[in-house]
Amino acid sequence: MKTNHYESVVIINAALEDEQIDAAVKRAEEFITANGGSITDLEKWGRKRLAYPIQKSKSGYYVIFRYTSPRELVAKLERTFRLDENIFRYLTVVLDKKALKHIEKQKAKKDANAEEAVKEEQSNNTTKESAE
């Protein structure tokens, strides 16, 4: 059984409570892992304004799932997205090698920026302590 790398972007109803949104994300995660997939990355972008109203709602909660799975899982997963009334839209794409390299570069860049910010904050804290 051949597995591919996939990315699914899901827009969840932003009017829900945070616990309900987390439950919807957890259900999707569990569905992927229970059906032979493994999640490689999960990004929660949070509440964003939509370009146009969807089901009379002007904002949505964006979540990106990146995972490896057999081809058959995608159809099952999209069916569960379609049946979930809290999910407005979803899109699943196959990630090729070029896309995977780009994602890794972005992660490395993000990690380097985070480390730099931590070092800068630590140096600021030591300067404040020495000034006192």
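For the reader, a short list of remarks on this structure follows.
- Restraint check, LYS44/LYS109; LYS26/LYS105; LYS44/LYS107; LYS2/LYS109; LYS48/LYS101; LYS26/LYS56, Cα-Cα greater than 23 Å: LYS26/LYS105; LYS2/LYS109; LYS48/LYS101; LYS26/LYS56
- Sparsely packed GluC sites (Glu not before Pro) within the stretch 15-123, loop by DSSP, other Cβ within 10 Å at most 14: GLU17, GLU85
- Computed Rg/Rh of the stretch 1-47, alpha carbon atoms with Kirkwood Rh: 1.01
- For the chain, built as a Gaussian network whose Cα springs stay under 10 Å, the top-fluctuating residue of ALA112, ALA23, ALA99: ALA112
- Label-to-label distance, nm, for residues given as ALA114 and ASP22 (7 Å Cα→Cβ offset): 1.9
- Put in line by how crowded their Cβ is, counting other Cβ atoms within 10 Å and starting with the fewest, ILE87, ILE103 read ILE103, ILE87.
- For the stretch 49-115: rounded, prolate or oblate by the Cα gyration tensor [a/c cutoff 1.5]: oblate
- Net length gained if the chain between LYS76 and LEU91 were fully extended (0.36 nm per residue, minus Cα distance): 4.1 nm
- Helical runs assigned H by DSSP (4 residues or longer) give the chain a calculated mean residue ellipticity at 222 nm of -17000 deg cm²/dmol, each run adding -39500 (n - 2.57) before division by the residue total.
- Here the Kirkwood formula, the inverse mean of 1/r across different C-alpha pairs, assigns the chain a hydrodynamic radius of 17.0 Å.
- Against the chain, whose longest principal axis is taken from its Cα atoms, helix 97-131 shows a tilt of about 30°.
Coordinate-derived values only; no laboratory data. What you are looking at is a predicted structure, and each value in this text was computed from that prediction instead of being measured. Glycine gets a Cβ as well: all are built from the backbone with ideal geometry, and neighbour counts include every protein chain shown.
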